[in-house]
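Note sheet for the following structure.
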Amino acid sequence: MSNGFEAKLAELGVTLPDAPAPAANYVPFVVVGDLAFVSGQISMNEDGLITGKVGVDLTTEEGAAAAKTCAISLLAQAKAACGGDLERLVRVVKLTGFVNSGPDYTEQPKVVNGASDFLVEALGDAGRHSRSAVSAGALPLGVAVEIEGIFQIKP
């Protein structure tokens, strides 16, 4: 029986992009048993990279929107880890979110909520996960947010 993740994404108006290729000497995901460890996905949309420091160049809300784009890329990678069949996804296990922010910024959890809220909206209870949300003084290419994830999949 299908759990309808693809249908729910379509209902939300979200089309998963092709899984982004890695930008350096690493693989986009590693599957060990029934877990897929997905490398950090950076904030980007159809216009390109979403850059800047949250709390300086971007508002918390703009940071949360950037985090949502990371979650969409994470799902694209999870789908690839599932051999192209997102219905093999069992649940999101853990996210680790990195927020490019200044030294006095303290709303990292609200930023990473952009990813967490989207995953729960798209996947229901399967999208509920543990997580960390931390500040970073800088991120690759100056992006606003980077998020990595661990997913449970059906072998």
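Some values worked out for this structure:
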| item | result |
| --- | --- |
| Cleavage-rule hits, GluC sites (Glu not before Pro), the range 32-70, DSSP coil, Cβ neighbours within 10 Å at most 16 | Glu46 |
| Relative counts (whole %) of C-alpha pair distances in the range 1-109, using bins that are 10 Å wide | 13, 41, 33, 12, 1 |
| Normalised contact order of the chain, rounded percent, pairs of Cα under 8 Å and 6 or more residues apart | 34 |
| Heavy-atom accessible surface of the range 58-141: percent carbon and sulfur, 1.4 Å | 53 |
| Bridge type composition, the range 74-155 - antiparallel percent by DSSP, nearest 5 | 55 |
| Kirkwood Rh (inverse of mean 1/r, distinct Cα pairs), the range 46-100, angstrom | 12.8 |
| √(5λ) per eigenvalue of the Cα gyration tensor, the range 83-155, largest first, Å | 26, 13, 9 |
| Cα point-scatterer Debye curve for the range 10-71, base-10 log of I(q)/I(0) at q = 0.14, 0.21, 0.26 Å⁻¹ | -0.54, -1.00, -1.16 |
| Total lysine pairs whose alpha carbons fall under 15 Å of each other in the chain (8 or more apart, or interchain) | 4 |
| MRE, 222 nm, helices only [DSSP H, n ≥ 4, -39500 (n - 2.57), over the chain, to nearest 500] | -9500 deg cm²/dmol |
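The values are calculated or read from the model by the stated rules, or taken from the named source; none is laboratory data. What you are looking at is a predicted structure, and each value in this text was computed from that prediction instead of being measured. Note: ideal-geometry Cβ built from the backbone for every residue, glycine included; neighbour counts use all protein chains shown. Just so you know, the surface numbers come from the protein's heavy atoms only, side chains and all, with ligands and any DNA or RNA stripped out. Shrake-Rupley method; radii C 1.70, N 1.55, O 1.52, S 1.80 Å.
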